[in-house]
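**Q** I have a structure here, written as C-alpha cells, and I will follow up with some questions on it.
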Amino acid sequence: MTLLQGVFWDVDGTLANTEMEGHRPAFNRAFADLDLEIAWGPELYAELLSIPGGMRRVQWYAGSRGMSLSEAQLHAIRDRKRVHYTELARSGAVSLRPGVRRLLEQLNGAGIRQWIVTSSGLASVEALLGSTPDLRPLFQGIVTADDVEEGKPSPQGYLCALQRSLLPMDQTLVIEDSEAGLEAARAAGLRCLLTPSPWDVRLKERFSEAIAVFDHLGDVSAPATQVNGPPCREGMVTLEYLQTFGSNAG
C-alpha cells in the first residue's frame with residue numbers, strides 16, 4: 001500500500017462554516033457601507049454559492065439585476081468586505097466544522113503534510129487562521145486565489161500546491177465540500193473525500209466520483225453520517241481510515 005503523505009484542505013465550507021457565518025454578512029455590511037441596494041439573504045446566497053469566488057458572485061448578481069458596477073466600486077466592495085470578514089472571523093463568529101480540529105491534529109502528529117488550497121484570497125484565509133492561531137502551525141503551505149489565474153473548478157490551485165509542496169500525487173488526498181472543488185481535485189489527478197455543504201445540491205449527482213462522502217468528519221460527541229465509500233465504523237474520519245485508500249494509481 002502507498003502510504004499517505006499529504007492532505008490538501010479546502011477552506012470555505014470544508015475547514016469552517018465560513019460562507020453563511022462570515023462571507024455573507026461581510027458582503028452585506030460592505031454593500032451597506034457603500035450605499036448599494038444589495039442584501040443577500042441565506043436562500044439567495046445559497047444559490048449564489050454555485051458561482052466560485054466572492055467577487056465573481058458580486059459581478060454576476062449585479063449583472064442579473066441590471067446594475068452597472070465600476071472597477072472602483074468592485075475594488076471598494078472587496079476591500080470593505082475583507083475588513084468586515086476579518087472582524088467577524090476574529091470575533092469567533094466563524095466556527096470550524098465537526099472533526100476538523102481533531103483530524104488536523106492527528107495528521108500533524110503523524111507527520112502528514114497539510115496545505116490549504118482555496119479560491120478565496122489570502123486575506124480571508126489569514127483572517128480565519130488569525131481567529132484560531134493554534135491551527136496555523138499545522139499547515140505547511142497555503143495556495144489561494146492570489147497565486148493562480150483561475151479558481152476552482154480549474155485545477156490550477158491543486159497543481160500549484162503539488163508543485164510547491166513536492167508531494168507525490170499518488171500519496172496526497174483532497175478534502176472538499178463543493179462540486180467545483182471536487183472537479184478541481186479530479187482534474188489535478190487527486191483523490192477527493194467530500195464533506196458536502198448543504199447548499200451544493202448538484203454535488204449529490206457526483207458523489208460516486210469521490211473516494212468517500214460524509215456529512216462531516218466526525219467527533220466523539222458528534223459522529224459522522226457516511227453517505228458513500230468504504231465503511232468507516234468509528235463514525236470519524238481518521239488517519240487510519242484515510243490510509244486504507246492506498247495509491248491513486250489505477
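The values are calculated or read from the model by the stated rules, or taken from the named source; none is laboratory data. Keep in mind that this is a model prediction, so the values were computed, not measured. Backbone-built Cβ (ideal geometry, glycine too); neighbour counts: all protein chains shown. Ligands, DNA and RNA are excluded from the accessible area calculation, which covers all protein heavy atoms including side chains. Shrake-Rupley method; radii C 1.70, N 1.55, O 1.52, S 1.80 Å.
**Q** In region 1-46, how many are in contact (Cβ under 8 Å) with a residue 24 or more places away in the chain and closer than 28 Å to CYS192 by Cβ?
**A** 27
**Q** Are any residues in region 25-77 of a type in the set (A, V, I, L, M), assigned to a helix (DSSP H, G or I) and closer than 24 Å to GLY181 by Cα, and if so, which ones?
**A** Passing the criteria: ALA26, LEU44, ALA46, LEU48, MET55, VAL58.
**Q** Another question, if that's okay. Give region 107-122 a look and list any residue that's crowded, with 17+ Cβ neighbours inside 10 Å and over 22 Å from GLN171 (Cβ atoms), or say none.
**A** Residues satisfying the conditions are SER119, SER120, GLY121.
**Q** Is at least one residue of region 90-106 free of Cβ contacts under 8 Å to residues at least 24 places away in the same chain and surrounded by 14 or more Cβ atoms within 10 Å (Cβ to Cβ)?
**A** No, region 90-106 contains no residue that is free of Cβ contacts under 8 Å to residues at least 24 places away in the same chain and surrounded by 14 or more Cβ atoms within 10 Å (Cβ to Cβ).
**Q** Does LEU194 meet the test of being at pLDDT 95 or above and surrounded by 24 or more Cβ atoms within 10 Å (Cβ to Cβ)?
**A** yes
**Q** If VAL227 satisfies every condition in (1) part of a loop (DSSP other than H, G, I, E, B); (2) open to solvent by 60 Å² or more (accessible area, probe 1.4 Å) but one, which is the exception?
**A** Single failed check for VAL227: (1).
**Q** Moving to a separate point now. Would you call ALA185 open to solvent by less than 50 Å² (accessible area, probe 1.4 Å), over 19 Å from PRO98 (Cα atoms) and not basic (Lys, Arg)?
**A** Criteria met by ALA185.
One line per residue, one yes/no per condition, for (1) of a type in the set (A, V, I, L, M); (2) more than 19 Å from ARG101 (Cβ to Cβ); (3) touching a residue at least 24 places away in the same chain (Cβ under 8 Å):
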{"residue": "LEU203", "(1), (2), (3)": "yes, yes, yes"}
{"residue": "ALA210", "(1), (2), (3)": "yes, yes, yes"}
{"residue": "GLY218", "(1), (2), (3)": "no, no, yes"}
{"residue": "SER221", "(1), (2), (3)": "no, no, no"}
{"residue": "GLY235", "(1), (2), (3)": "no, no, no"}
{"residue": "THR238", "(1), (2), (3)": "no, no, yes"}
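Quick grid of which residues meet (1) hydrophobic (A, V, I, L, M, F, W, C); (2) surrounded by 14 or more Cβ atoms within 10 Å (Cβ to Cβ); (3) within 20 Å of SER119 (Cβ to Cβ); (4) without any contact (Cβ under 8 Å) to a residue 24 or more places away in the chain:
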{"position": "PRO52", "(1), (2), (3), (4)": "no, yes, yes, no"}
{"position": "MET55", "(1), (2), (3), (4)": "yes, yes, yes, yes"}
{"position": "TYR61", "(1), (2), (3), (4)": "no, yes, yes, yes"}
{"position": "HIS75", "(1), (2), (3), (4)": "no, no, yes, yes"}
{"position": "THR86", "(1), (2), (3), (4)": "no, yes, yes, no"}
